[in-house]
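See below for the structure under consideration.
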Amino acid sequence: MTAAAPKRGVISMLMGSSNQNKYGGVSHAKPVIGHQIASGKKTFSGINNQQGWLGRNIGMRGAATVMAASSGPWDQVTAEKLEAASKQMRLTHLEEQAMDAIKQAVDSGAQVVFPNALIAGDVVITHLISRLGLFDKIPVLFVNTLHLFDETLDFIEEIEKHYEFKGHISMAEGIEGDRYEAKKNFDKKYGANLWKEDIEQYDKVCKVEPFLRGLKELNCETMITGRTRW
């Protein structure tokens, strides 16, 4: 039976771009990346190559250089310092705005759920929830497609340990067990090549249904997401 989507609302926090491949694998960053993004530092080259400067990960299209009256031309060092300060001001504002939105969602009395897909923006939100100390009020949902890389599954465990919370894992209906046992059970029930033979059915079985069921199991009324709604 297909679970119903949450009715109360969606809080779109920060913009991120997915780096999922057709096998369901997700490239990922270390937990410290959440701090680096929130504090305005550049991330490692993998993210920079895919998404450009950090600002674009969270909806910023470059900070304006501070312009002011001056008795003479600025040297390069001064200009770079002013631009860096402007960028940091913008990042600080976005961080405070995001934390305020999370807090307001919890204070509304609705059951807030955070589906974490491990993209850069979701790691930022994980960091902000930790800073607010709200993991006891905001359950984190992970969808295990049973086609994730071992490194991705390791990363889930790593951020759980780093931020001291336990996520809710949702998988294809009727599948249980740890990572290897669960995959074996999936292959037996649905077929190891489902993603090749019927991609739409694969998406439904491994992604859509577990996601909706996970929200229902967590009594989701408000969902926090790193995706931007246009």
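Laboratory data are not the source of any read-out in this text; all were calculated from the coordinates shown. Just so it is clear, the model here is predicted, and its values are computed rather than measured. Don't worry about glycine lacking a Cβ; one is built from the backbone with ideal geometry, like all the others, and counts go over all protein chains shown.
Observations on the structure shown:
- Computed over the range 126-230: relative contact order in percent, which uses C-alpha pairs under 8 Å that are six or more apart: 31
- Largest first, the extents of the alpha carbon coordinates of the range 122-201 on the three principal axes equal 44, 24, 22 Å.
- For the range 70-207, diffusion coefficient by Stokes-Einstein and Kirkwood Rh (Cα), 20 °C, 1.002 mPa s, µm²/s: 118
- The GluC sites (Glu not before Pro) found in the range 152-230 that occupy coil by DSSP, while having at most 15 further C-beta atoms within 10 Å, are GLU164, GLU173, GLU176.
- The range 161-205: proportion of alpha-carbon pairs further apart than 11 angstrom, %: 70
- Extension reserve of the ALA101-LEU82 stretch, reckoned as 0.36 nm per residue once the Cα distance is removed: 4.0 nm
- The range 142-217: trypsin sites (Lys or Arg not before Pro) in DSSP coil with no more than 15 other Cβ atoms inside 10 Å: LYS166
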